[in-house]
2 protein chains.
Amino acid sequence: LNLHCPACDERYALDSERWRCVCGAAFELEGTPRFHPGDIVENDTSMWRYRSALGFEGGPAVTMGEGWTPLVAAEVEGQALWLKLEYLNPTGSFKDRGASVLATFFLALGMSRLVDDSSGNAGAALAAYTARAALRATLYVPANTSPAKRAQIAAYGATLVPVEGTREAVTAAAQTAVMGGDVGTRYASHVYHPLTLFGPKTIAFELWEQLGGRAPTRVVAPVGHGTLLLGCYWGFADLLAAGLIERLPRLYGIQAAAVAPLAQAFASGLADAQPVFPGDTLAEGIRVGRPVRGAEVLAAVRASGGAIVAVDNASIVAAHEMLARGGFYVEPTSAVAIAALDRVGEGGETVVVLTGNGLKQPLFWPNAPMSAAAN
Amino acid sequence: LNLHCPACDERYALDSERWRCVCGAAFELEGTPRFHPGDIVENDTSMWRYRSALGFEGGPAVTMGEGWTPLVAAEVEGQALWLKLEYLNPTGSFKDRGASVLATFFLALGMSRLVDDSSGNAGAALAAYTARAALRATLYVPANTSPAKRAQIAAYGATLVPVEGTREAVTAAAQTAVMGGDVGTRYASHVYHPLTLFGPKTIAFELWEQLGGRAPTRVVAPVGHGTLLLGCYWGFADLLAAGLIERLPRLYGIQAAAVAPLAQAFASGLADAQPVFPGDTLAEGIRVGRPVRGAEVLAAVRASGGAIVAVDNASIVAAHEMLARGGFYVEPTSAVAIAALDRVGEGGETVVVLTGNGLKQPLFWPNAPMSAAAN
């Protein structure tokens with residue numbers, strides 16, 4: 001495995017200190033193993049059943065049962081769907097997959113402190129997996145991140161640093177800290193580090209197995225930086241290369257209307273997203289005005305025949321209620337995928353990825369003013 | 001399957017309206033199927049892989065992937081343990097198992113509204129599974145139940161009725177409502193209805209499978225009414241009867257010192273618990289002063305060679321922190337099992353059941369006074 005810059009074609013070793021290319025672009029991975037169904041570890045019902053496809057043959061994984069989440073049939077507004085319950089991962093979001101990979105990698109490298117910036121869920125995931133591996137972590141989050149997520153990160157024993165301002169200010173604070181860190185400090189960015197994308201890649205493998213050896217027609221998921229959708233794309237591309245599926249599923253990325261750089265770029269036919277100032281949205285997990293892998297995400301979605309669209313707060317609230325009243329309690333960010341169903345249209349087998357647990361960001365608090373409980 | 005009263009030997013049909021015997025005792029089940037390993041549905045990675053052992057051969061299950069939770073190796077204070085991550089069930093607690101069974105049963109009976117009383121987790125579970133089955137639910141909970149649990153129950157669309165006073169007052173309110181309900185109303189009590197215990201029974205089956213076909217030496221779990229431990233006992237008894245294990249694991253039930261009727265009865269050699277007035281404890285999930293199945297739980301624990309002990313608030317806080325700093329974020333109720341490890345002693349293979357998600361009752365809120373957030 002090598003780090004490769006898709007912008008300037010530069011290459012670096014996988015264990016390089018660099019977290020992005022000198023030209024500023026995010027790395028992709030080169031030389032990833034092929035997917036062989038015979039290599040699946042059948043009695044491991046976590047994402048590590050695919051360890052050989054991730055290139056982690058040796059060494060212990062930093063794991064607590066992440067992945068192999070339920071795929072549940074449900075009917076939403078008369079439409080038959082598969083719901084992939086990623087909110088049942090150990091810390092309550094799909095970010096656990098990438099955090100498990102990163103903690104495993106950096107532990108093997110002998111690093112002692114990992115730094116990341118996050119809207120909350122990736123931070124909670126990295127805090128948990130570094131705790132599991134007895135590494136130290138420092139997490140930078142927006143000051144207005146949901147209190148339940150901040151409480152969770154702090155409970156794991158990570159150093160929690162709330163930062164006022166935009167999500168980009170949070171990233172800048174983390175990157176500055178990494179540069180000032182000691183020799184054992186690394187930027188375990190769930191956006192920049194391409195190994196993170198091995199996490200959501202396993203979602204594609206699982207869907208293929210759980211559907212009995214086929215790909216769905218469509219996959220619908222929330223998109224902030226777009227790592228979930230991009231990882232899925234990589235996974236389905238592996239399955240296609242291995243001759244196990246005949247075509248890619250159409251990938252649909254859903255954004256919040258208040259922060260929709262990728263949806264705007266998609267609609268305008270642009271190759272990359274133009275940064276936007278993030279407006280207010282309930283979907284705090286995808287409040288990303290400057291997506292780092294925008295060009296890659298747009299290319300993947302277009303190659304798949306899918307689309308990127310945006311939904312407003314009112315439809316997020318309605319979709320959140322609809323899901324909960326069917327038994328699925330997710331955070332508002334996850335509800336965007338359901339809010340966009342009428343934009344995606346009908347036809348074929350559709351998987352909606354429910355990314356984060358409703359307990360992380362309750363929309364309504366009974367018998368208490370929301371402001372008192374949520375601040 | 002029949003309902004059977006262990007106190008007066010009376011029998012009722014399984015679909016009886018009665019939720020307890022005329023003599024006042026809680027029913028047990030008679031005529032449960034034997035466990036046959038060959039009947040396990042191997043490609044179902046939920047608790048419904050054991051559907052034949054539960055006597056649910058026909059009809060659709062009300063399911064969203066509950067059960068088959070991770071069993072993770074961890075070292076806590078130098079002791080090697082298996083942690084059973086029941087907090088990764090769909091609504092964040094092991095109660096989902098019983099709720100899935102009850103919703104399946106009452107849906108097949110044609111009931112339209114289910115009523116239960118709960119400290120919170122069982123209520124959230126029943127609210128979710130009735131939502132999934134398009135049934136209506138009314139849940140009675142203590143007024144001081146954690147706000148995250150109340151928000152969760154309400155989100156599912158259930159009618160949430162907070163009741164001031166003790167846990168017993170909550171139960172009385174629910175039972176009164178059932179008596180005043182229409183013909184489609186049933187008391188889906190997660191304590192009284194013995195089918196609920198089929199839920200935790202599957203924990204025993206899973207442990208046996210996940211350990212490669214053997215029982216652990218010991219199982220340690222929090223005990224309020226004691227349904228988790230009793231269900232496990234039933235499951236291991238099935239495995240013993242089928243000749244699949246050689247002895248029962250020793251079962252350890254852990255209570256909070258402020259509400260410890262079962263620990264007191266165990267220490268005093270009593271056959272049943274004497275009711276106590278529930279004192280204050282962080283372990284809100286086991287704040288039960290009058291355990292309904294006390295005699296059964298005491299008998300099961302004694303038959304297994306285990307014990308019931310109690311731990312104080314300070315050790316609960318310490319155990320909660322210890323778990324979180326190893327990557328396992330649970331609610332304080334779940335931490336009691338870890339707090340009691342020195343009381344249980346060493347020796348043999350130990351499984352600790354982590355019952356509820358930390359997101360349900362955060363112990364500390366960063367950057368906010370705890371009182372504002374927790375009320």
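The values are calculated or read from the model by the stated rules, or taken from the named source; none is laboratory data. Because the structure is predicted, anything quoted here is derived from the model rather than measured. In this analysis, Cβ positions are derived from the backbone assuming ideal geometry, glycine residues included, and neighbour counts consider all displayed protein chains. Quick note on the areas: whole protein, heavy atoms, side chains included, nothing else; ligands and nucleic acids left out. Shrake-Rupley method; radii C 1.70, N 1.55, O 1.52, S 1.80 Å.
Brief remarks on what is shown
- Partners for B:K149 among lysines (Cα-Cα distance below 26 Å; same-chain residues under 8 apart left out): A:K84, A:K95, A:K149, A:K360, B:K84, B:K95, B:K201, B:K360
- Relative contact order of chain A: 16 percent, from C-alpha pairs under 8 Å at least 6 residues apart in sequence.
- Measuring from each cysteine beta-carbon in chain A, the ones with no other cysteine beta-carbon under 4.7 angstrom are A:C232.
- When peptides A:347-355, A:129-137 are ranked by their average number of other Cβ atoms within 10 Å per residue, the highest-first order is A:129-137, A:347-355.
- Across the options B:L81, A:V309, A:A73, the greatest Cα extent toward the positive end of the charge dipole of the protein assembly as shown (unit charges at beta carbon of Lys, Arg, Asp, Glu) belongs to A:V309.
- Ranking B:A53, B:G279, A:A319 by how far each Cα lies toward the positive end of the dipole of the protein assembly as shown (charges on Cβ) leaves B:G279 at the top.
- Placing a label point 7 Å from the Cα of A:A242 along the Cα-to-Cβ line, the residues of the stretch A:164-204 whose backbone N sits under 16 Å from it are A:198-204.
- In order along the stretch B:232-247, the Karplus-derived 3J(HN,Hα) couplings, from 6.51 cos²θ - 1.76 cosθ + 1.60 at θ = phi - 60°, round to 4, 4, 4, x, 5, 5, 4, 5, 5, 4, 7, x, 8, 10, 9, 8 Hz, and Gly and Pro are given as x.
- Residue mean of other protein chain beta carbons inside 10 Å, A:96-104: 0
- Residue and distance for the chain B Cβ closest to the axis that moves B onto A, in whole Å, come to B:L359, 2.
- Report note on the peptides A:151-158, A:96-103: ranked by the mean count of other C-beta atoms within 10 Å, highest first, their order is A:96-103, A:151-158.
- Accessible surface area normalised per residue over the stretch B:32-155 is 29 Å², counting heavy atoms of protein chains with a 1.4 Å rolling probe.
- Accessible area buried, both sides summed, chains B and A with 1.4 Å probe, Å²: 3500 Å²
- Gyration tensor (alpha-carbon) shape descriptor, the stretch B:109-197, a/c threshold 1.5: oblate
- Across the stretch A:73-131, C-alpha contacts under 8 Å between residues 6 or more apart give a mean separation that, scaled by the residue count, equals a relative contact order of 32 percent.
- D (Stokes-Einstein, µm²/s), Kirkwood Cα radius, the protein assembly as shown, 1.002 mPa s at 20 °C: 82 µm²/s
- Using the Cβ-Cβ distance between B:D280 and A:D44 with R0 set to 35 Å, the FRET efficiency from 1/(1 + (r/R0)^6) comes to roughly 0.25.
- Stokes-Einstein translational diffusion, chain B - Kirkwood Rh over all Cα pairs, 1.306 mPa s, 10 °C, in µm²/s: 78 µm²/s
- Computed in the context of the full set of protein chains, the accessible area of the stretch A:184-267 at 1.4 Å probe radius has 48% of its extent on carbon or sulfur.
- Within the protein assembly as shown, percent of DSSP bridges classed antiparallel, to nearest 5: 35 percent
- Computed about its Cα centre, the charge dipole of chain B is approximately 360 debye, with only Lys, Arg, Asp and Glu carrying charge at their Cβ.
- Environment charge at A:V170 (Cβ cut-off 14 Å; Lys +1, Arg +1, Asp -1, Glu -1): 0
- Computed over the stretch A:162-219, the P(r) curve from all C-alpha pair distances, binned at 5 Å from the origin, holds 4, 15, 15, 14, 13, 11, 9, 9, 8, 2 percent per bin.
- Counting Cβ atoms of other protein chains within 10 Å of each Cβ in A:127-134 and taking the mean gives 4.
- Relative contact order, whole percent, for the stretch B:105-223 stands at 26, derived from Cα pairs under 8 Å and 6 or more residues apart.
- Ligands, DNA and RNA excluded, the heavy atoms of B:K95 present near 40 Å² of accessible surface to a 1.4 Å solvent probe.
- Per-residue shielding of B:353-363, expressed as the average number of other chain Cβ atoms within 10 Å of the residue Cβ, stands at 4.
- Averaging the Cα positions of each part gives two centres, and for the stretch B:217-237 and the stretch B:1-71 these lie 16 Å apart.
- Part-to-part distance (alpha-carbon centres) for the stretch A:180-198 and the stretch A:104-143, which is given in Å: 9 Å
- Shortest-first distances to equivalent copies, position A:R343, nm, label 7 Å out along Cβ: 5.5
- Sum of side-chain charges, B:P6 neighbourhood, beta-carbon under 14 Å (Lys, Arg +1; Asp, Glu -1): -3
- Hz values of 3J(HN,Hα) by residue in the stretch A:263-268 - Karplus curve (6.51, -1.76, 1.60), Gly and Pro given as x: 5, 5, 5, 4, 5, 8
- Surrounding net charge for B:A131, when Lys and Arg each add one and Asp and Glu each subtract one, Cβ distance under 12 Å: +2
- Teacher prompt: B:A267 distances to equivalent labels in other copies, 7 Å Cα→Cβ, nm: 6.8
- Filtered GluC sites (Glu not before Pro), the stretch A:41-107: DSSP coil and at most 15 other beta carbons within 10 Å: A:E42, A:E57, A:E77
- Placing a label point 7 Å from the Cα of B:L240 along the Cα-to-Cβ direction, the distances to the matching points in the other copies come to 5.7 nm, shortest first.
- Ordering B:257-263, A:7-13 by mean Cβ neighbour count within 10 Å, with the highest value first, yields B:257-263, A:7-13.
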